[in-house]
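The values are calculated or read from the model by the stated rules, or taken from the named source; none is laboratory data. As the structure is a prediction and not an experimental result, all values here were calculated from the model. Because the Cβ atoms are built from the backbone with ideal geometry, glycine has one as well, and the counts that use them run over all protein chains shown. Ligands, DNA and RNA are excluded from the accessible area calculation, which covers all protein heavy atoms including side chains. Shrake-Rupley method; radii C 1.70, N 1.55, O 1.52, S 1.80 Å.
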Amino acid sequence: MAKTLIAFFSRADENYFGGAMRYVKVGNTEVVCGIMERLIGADSFKIEMVNPYSPVYMTCIEQAKKDLRENARPELVSLPESIDAYDTIVLAYPNYWGTMPMAVVSFLEHFDFTGKTILPLCTNEGSGMGSSEGDIKKYAPGAEVRRGLSVTGSLASDSENSVRRWLGANGLM
């Protein structure tokens, strides 16, 4: 039987919401992943860095920019032992500087995604998927990377209908 893993990077603390800063206890991407877990009952894994970005938004985005420019591979707290049991991986992340956070690249490069399907989901405040879909193809050779879903982060808690349609279009509902 086909199994799905939701692997996600999400950041709480101070976040940008349509022009203003707001403190949140659960990051926008994690909110959307919670909706997906409830809808399809998939396993989930949170991608976390050993040295997380600052809780202050402006400092966080500067740290993320530095990681991108340096092509860094942040060390992760943990990784799943294996992804062999999964046919589909929903890969969810915020848009940092036009792509996914480099911690997601650390995750991708750890595994062989040959023969697996990756469904990208990107939270953002208007910048969409950026180059992340193409970047995933580069870091997960052999995977079928399908068209992603862009979710406005400040509307994450109201994204169930679009998430439901996207999951359905990809055969997960």
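For the range 38-48, enumerate the residues that are open to solvent by 20 Å² or more (accessible area, probe 1.4 Å), more than 18 Å from LEU149 (Cα to Cα) and at pLDDT 95 or above. Matches in the range 38-48: ASP43, PHE45, LYS46, GLU48.
Could you check the range 55-72 and list, in sequence order, the residues that are touching a residue at least 12 places away in the same chain (Cβ under 8 Å) and surrounded by 12 or more Cβ atoms within 10 Å (Cβ to Cβ)?
Our first condition is that a residue be touching a residue at least 12 places away in the same chain (Cβ under 8 Å); within the range 55-72, this holds for 55-57, 60-61, 64-65, 67-68, 71-72.
Selection gives PRO55, VAL56, TYR57, CYS60, ILE61, ALA64, LYS65, ASP67, LEU68, ALA72.
Looking only at residues in the range 12-37 that are loosely packed, with under 15 Cβ neighbours inside 10 Å and out of contact with any Asp or Glu (no Cβ under 9 Å at 6 or more places or on another chain), the one that is farthest from LEU91 (Cα to Cα) is ALA20.
Can you say whether ALA2 is in a loop (DSSP other than H, G, I, E, B), small (Gly, Ala, Ser) and open to solvent by 70 Å² or more (accessible area, probe 1.4 Å), as far as the supplied structure shows?
Numbers: in a loop (DSSP other than H, G, I, E, B): yes; small (Gly, Ala, Ser): yes; open to solvent by 70 Å² or more (accessible area, probe 1.4 Å): yes.
Yes: the conditions hold for ALA2.
Scanning the range 14-59 for residues being assigned to a loop (DSSP other than H, G, I, E, B) and of a type in the set (Phe, Trp, Tyr) gives a total of 1.
Return the only residue of ALA20, ALA12 being modelled with pLDDT under 95, over 20 Å from GLU81 (Cα atoms) and within 14 Å of the chain's Cα centre (by Cα).
Values: ALA20 fails: within 14 Å of the chain's Cα centre (by Cα).
After ruling out the rest, the residue left standing is ALA12.
Of the numbered criteria (1) touching a residue at least 24 places away in the same chain (Cβ under 8 Å); (2) over 20 Å from GLY126 (Cβ atoms); (3) in a loop (DSSP other than H, G, I, E, B), the one ARG11 fails is (2).
Condition check ((1) in contact (Cβ under 8 Å) with a residue 60 or more places away in the chain; (2) under 14 Å from the mean Cα position of the chain (by Cα)) across all residues:
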position	(1), (2)
LEU79	no, no
TYR86	yes, no
ASN95	no, yes
MET102	no, yes
HIS110	no, no
ASN124	no, yes
GLY128	no, yes
